[in-house]
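Colleague: Dropping a structure here in structure tokens format, bear with me for questions.
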Amino acid sequence: MSSYHPKFAVVGHPNKGKSSIVASLSLDDSIQIGNTPGTTQVKRGFPLKVDGKIVYELFDTPGFQRARRVYAWLEEHGDVPANRRIDVVKQFVHEHRDNKKFRDEVELLDPIINGAGIIYVVDASKPYGAEYEIEMEILRWCGQPSMAILNLIGEEDYREEWSRALGQYFRLVRTYNPMTAGHKEHVDLLESIAQLNEAWTKPIKQAIEVLNKLYDLKVEQTVSTISDYMVKVLSFVHKQKIVGEEATPHEEKVAKERYRNKIIEYEEREQRDVEKIWQHNDVQKEEEQLNLDEVGLFSQESASIFGLSQKELILTGASAGAITGAGLDLLVAGSSLFLGTVIGGVVGGVGAMFGFDNLYELKVLGQSVGRRELTVGPMQNLNFPYVLLGRALYHASLMAKRSHAKREAVNLKEVSFTEGVISAEARKTLEKVHVKLRKGKELEKEELAEYTSTLQKSFLELLE
Ligand SMILES: Nc1nc2c(ncn2[C@@H]2O[C@H](COP(=O)(O)OP(=O)(O)OP(=O)(O)O)[C@@H](O)[C@H]2O)c(=O)[nH]1
Ligand SMILES: [Mg+2]
């Protein structure tokens, strides 16, 4: 197999979003991005690898520092026909490799003289200035296929004046926002790049195909991760040996704590797995820990965190009760009871009314003293599955949409959806699943498949 892959050097003035664009297009969140000019000091190639194969490679480079001086040198040494100007640029790089004064220019020109195409980045939220023309002239001397990216870092929009100037130097001028770009924008940009150079058309078209498949695979892996996690948590039972005939209050307290901690640990692991799937290896999170207190599962606060409205929290309990029919338990009875009353302000009261033991099943198992076991779980609370799923879907959708150029913490506190996060269909299958799991039963293959497919639909809706 040929090892050829298209290469692009991302170049421009310092602090214009070059590294951000490289991070976004190579799906690499390890690239250094900073708000002071000069963050990137040396060139570095970032290959986009899928299945161990390089699809294309982007070179992050430092910004131009002494463009005018470089250009003067080129003109002085470059009395040659246009097709040989690249040789003059090569000569410049070779002669100045150890010259600290031109370190940034040597670094940024190096990948270009070695065959990389040019992506010139400007901040089009600032007015155009003639000082950029020298940089563009130098790039023109390289004679490589090139395009310009209009990045809007600030609020203002000077794209029109920029386009008029850039159009004279670059065959293609495109807007691309590395902070908000997702899969679709990524692919759109590649479609344009494919047209730039005949030699790239085929490999870039292939890259698009590979990226589309990769995206579908990520969605599939995410859904199956969430589905497995839900089943694991909803059927989880903590077991613990006890000394006497009955569990002491202390033993009960310890058992409940371990049960909760394990569930929190499951959630942490699920989130980490989803972050890995979306290639976010170092994401900081501002979050509200899963609250397993009896009040936590009912409070107004948790309703907003979990993406359920107060009304939904109560209705959820009620509709699940309708399915379980005769199995209508205390909680559901409580919820239904409250349905006829004013909903606002009631929710906290529901939580306060039902004690901890109504949420978890606590059992003592075993024949003889010393062999007895205290078990906690599976979770009986009927809102709990929605809480879990709401949190998981929300987190996963943020990860799927998050650009690899983002460095700020992801905010999991501001759940921006309320009703409709979990589609009606997914809600129904989740209820069915929970009815079985909370009784300690196992799911049939078909049930799991049905549940997973409704989850997938729910997730895809969130990604739109
Ligand atoms: N809001 C917003 N900020 C951006 C955008 N692109 C870049 N930035 C910010 O601008 C700053 C510079 O981004 P970098 O990607 O490091 O810029 P650079 O051109 O690589 O900078 P040097 O390596 O110093 O030449 C960072 O604080 C980025 O977060 C954008 O599209 N929108
Ligand atoms: Mg940089």
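The values are calculated or read from the model by the stated rules, or taken from the named source; none is laboratory data. These numbers come from a predicted model, not from an experiment. Backbone-built Cβ (ideal geometry, glycine too); neighbour counts: all protein chains shown. Protein only, heavy atoms only, side chains kept; ligands, DNA and RNA dropped before computing areas. Shrake-Rupley method; radii C 1.70, N 1.55, O 1.52, S 1.80 Å.
Colleague: Accessible surface of residue 202 in the full protein assembly, 1.4 angstrom probe, to the nearest 10 Å²?
Modeller: Surface accessible to solvent at residue 202 totals approximately 140 Å².
Colleague: Using 7 Å Cα-to-Cβ label points, what is the residue 175/residue 80 separation (nm, one decimal)?
Modeller: 4.0
Colleague: If we sort 76-82, 247-253 on the protection proxy, mean other Cβ atoms within 10 Å, highest first, what's the order?
Modeller: Output ranking for 76-82, 247-253: 247-253, 76-82.
Colleague: Defining a contact as two alpha carbons under 8 Å apart and six or more residues distant in sequence, what relative contact order in percent does the stretch 7-196 show?
Modeller: Computed value for the stretch 7-196: 23 percent relative contact order.
Colleague: For the stretch 7-196, what ratio Rg/Rh do Cα atoms give with a Kirkwood hydrodynamic radius?
Modeller: Rg/Rh: 0.94.
Colleague: Taking all protein chains together and a probe of 1.4 Å, list 122, 210 from the most accessible to the least accessible. List each step's numbers first, then the result.
Modeller: Details: 122 0, 210 55 Å².
In descending accessible area the options line up as 210, 122.
Colleague: If Lys and Arg each add +1 and Asp and Glu each add -1, what is the summed charge of the other residues whose beta carbon sits under 14 Å from the beta carbon of residue 450?
Modeller: Overall, the nearby charge balance is +1.
Colleague: What pairs from 43/101; 241/439; 253/432; 53/100; 16/90; 18/126 go past 24 Å between their alpha carbons?
Modeller: Result: 253/432; 53/100; 16/90 exceed 24 Å.
Colleague: Work out how much length residue 248 to residue 195 would gain on full extension: take 0.36 nm times their residue separation and subtract the Cα-Cα distance, in nm to one decimal.
Modeller: Working it through step by step, the gained length comes to 11.7 nm.
Colleague: On to the next question. Suppose R0 equals 41 Å. What FRET efficiency, 1/(1 + (r/R0)^6) with r the Cβ-Cβ distance, do residue 436 and residue 206 give to the nearest 0.05?
Modeller: Working from the Cβ atoms, E equals 0.35.
Colleague: Round to the nearest 10 and report in Å² the accessible area of residue 434, as given by a 1.4 Å probe over the protein chains' heavy atoms.
Modeller: Approximately 10 Å² of residue 434 is accessible to the 1.4 Å probe.
Colleague: Find the centroid of the Cα atoms in the stretch 203-247 and in the stretch 91-170, then give the distance between the two in whole Å.
Modeller: Measuring centre to centre over Cα atoms gives 44 Å.
Colleague: To continue, here is another question. Give the carbon-plus-sulfur fraction of the accessible surface of the stretch 138-250 in %, rounded to a whole number; probe 1.4 Å, heavy atoms of protein chains only.
Modeller: The computed percentage sits at 49.
Colleague: Further question: Which value, in Å², gives the accessible area per residue of the stretch 7-196 when a 1.4 Å probe is used on the protein heavy atoms?
Modeller: Ligands and nucleic acids excluded, the result is 46 Å² per residue.
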